[in-house]
Amino acid sequence: MNLRLGQSAHLAGLLLRFFRRRVLRVGMLRARAVRAAAAVLALTLFGVLCAAAYLFLEPLALSPELWDLMFEISTVSLVLWVMGAFLVIKVLFINAADMLELTYQLPVTNRERALAFLLYEAAITGVVVALGFSALAVSSLALMGAAALPYLFTAFAVPAVAVYLGLGVLYHLLVRFWTVLRLGGTAGLLSVIVLFMLLVWYSTGINGAIIAITDAHLDGAGAFRWQTAVAWLWNRSPVLTAAACLAAFVVLIGLNLVLTPNQHVRQSKFLAVFTGGRARRVLHPYDYCLVRNSQTVVAVVITVVLFAYLLLAGNRVNPMWSLVALSTAGLYHYSGTEPLRRLPIAARSAAAVYARLCKGQALLIAAFALPQFLIGAFVVPAAMADSATAVLGAFAGIVLTLWVSVVFPSEKNNPFSILLGIACAAVVFGLIAIGLGMLNLPAPVTRAVIACCAAAIVAHSIVEIHDNESKRRNREEVQNRPGVARELPGDHDGRDRGGVDAAHVLYER
């Protein structure tokens, strides 16, 4: 196997540079003031989380037994977090093969290109996992200093890397399995669905694992569980544990390299979903772009599995809340319907475009809400109380996902645009939720604030659609005007320093 790892690493760095130059300056982030404000909000939220974690951990720092218990429980949750981050990145990357067109003129093989794409995924997954536990890590270092490093190593760093590499091996094996069955066009989609089933299965045992670990600590006897195996071995022999972890990483990395396909497996963006003759009278081409999108299929499967889990697990959560996952199908809806808006006969106002984008998702949620409610009312009637709030939350998810899709449009199906939009939305609305919780306002006032936020999101989305479509039409008019030559990447002399334009592969015509 002639594989130049250095070339793949350089190519992964190029893709990350594309992310920094293009994605961080897309949509509302074009303005430097907005980027600065977003950074301030993110740092503020991080500071609030660190302060909360510090106040929570301060009483535990005086007791080594409680400190060990806290980190073991955190490791059990970390595994679920890594699995969730792995699946989110894989779902966003299903249709991101167009990004590799930036690298087709470079002297690298298809296998090196596919490996670079995997490194690209691993880098962003590592960032997502680190963000989830960074507040806890910083607070631990502030309380215990260097004494917290072994805990962070055995409870966070090693388990996170091992779980990610293990999931990578399993994902590659599943892709090869579906390819053997001649399902290569949907291999990534089917593999993600299988891994999501694994995530749901693991989540069902988290409470039992936490109870078993807690009971073992109360009895004064340590319990061995596979999630906390690294910490268990470290307490007996740190040197042997470090050597075993290094050997395991080498084996897992080698398996990932061997199982990496010779070229990136391009997935089908649209599937042949049968809609029926009656549906054609109701569905618009915008709606077909949503219904037949592979991302929608993933959202539908996740919704059905979550509904069944919440219905049968006997939790206090209303199973209708699973419909919120269905609204994630709209994350690529705006960019996926761009070819329709390019048609001369498709000229519509920004409000009309937004209404069409909302219509498809509303019909999709309504199509699942009614049968789910009837099934839930028949199986567990008591669990379906206050279902109207859950359905309203699902429709509110439409507003939020469309805002991410419009304000952070994905260029060349770049999933990091969507991921960045999700991160910005999490920061902004996380601070709003914390503020509302601290103010403890009356319920009517809280509902009014939420309604005003939703109205502001809708208005901002419509304004962004108007701006995006105006800029697109202006570019097309300039390019089609007689006597105006189309710009080529080589025509930008010296403008690739400090700006968005670049006279090389990173430049997008």
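Since every read-out is calculated from the coordinates, none of them should be taken as a lab result. The shown structure was predicted, so the numbers you read here are calculated from the model rather than taken from an experiment. We place every Cβ from the backbone using ideal geometry, glycine too, and count neighbours over all the protein chains shown.
Tabulated data
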{"item": "Two-decimal log10 I(q)/I(0) for the stretch 276-385, as the Debye equation yields it once each C-alpha is a single scatterer, q = 0.11, 0.21 Å⁻¹", "result": "-0.42, -1.07"}
{"item": "Positive-end residue of 300, 340, 374, charge dipole of the stretch 269-402 with Cβ unit charges", "result": "340"}
{"item": "Sequence-separation-based contact order of the stretch 1-268, relative, with Cα cut under 8 Å and 6+ spacing, percent", "result": "32 percent"}
{"item": "Kirkwood-Stokes translational diffusion coefficient of the stretch 1-268, alpha-carbon pairs, 4 °C, 1.567 mPa s, µm²/s", "result": "62 µm²/s"}
{"item": "Sorted by Cβ neighbour density within 10 Å, fewest at the top, the residues 354, 309", "result": "309, 354"}
{"item": "The stretch 269-402, relative contact order in percent, only Cα pairs under 8 angstrom and at least six apart counted", "result": "33 percent"}
{"item": "Magnitude of the charge dipole, the stretch 1-268, Cβ model with Lys/Arg +1 and Asp/Glu -1, debye to 20", "result": "1420 debye"}
{"item": "Once the Cα gyration tensor of the stretch 314-378 is diagonalised, semi-axes √(5λ) in Å", "result": "33, 11, 8"}
{"item": "For 359, 471, order by how many other beta-carbon atoms lie within 10 Å, fewest first", "result": "471, 359"}
{"item": "Net dipole in debye of the stretch 279-408 [+1 Lys, Arg Cβ; -1 Asp, Glu Cβ; about Cα centre; nearest 20]", "result": "440 debye"}
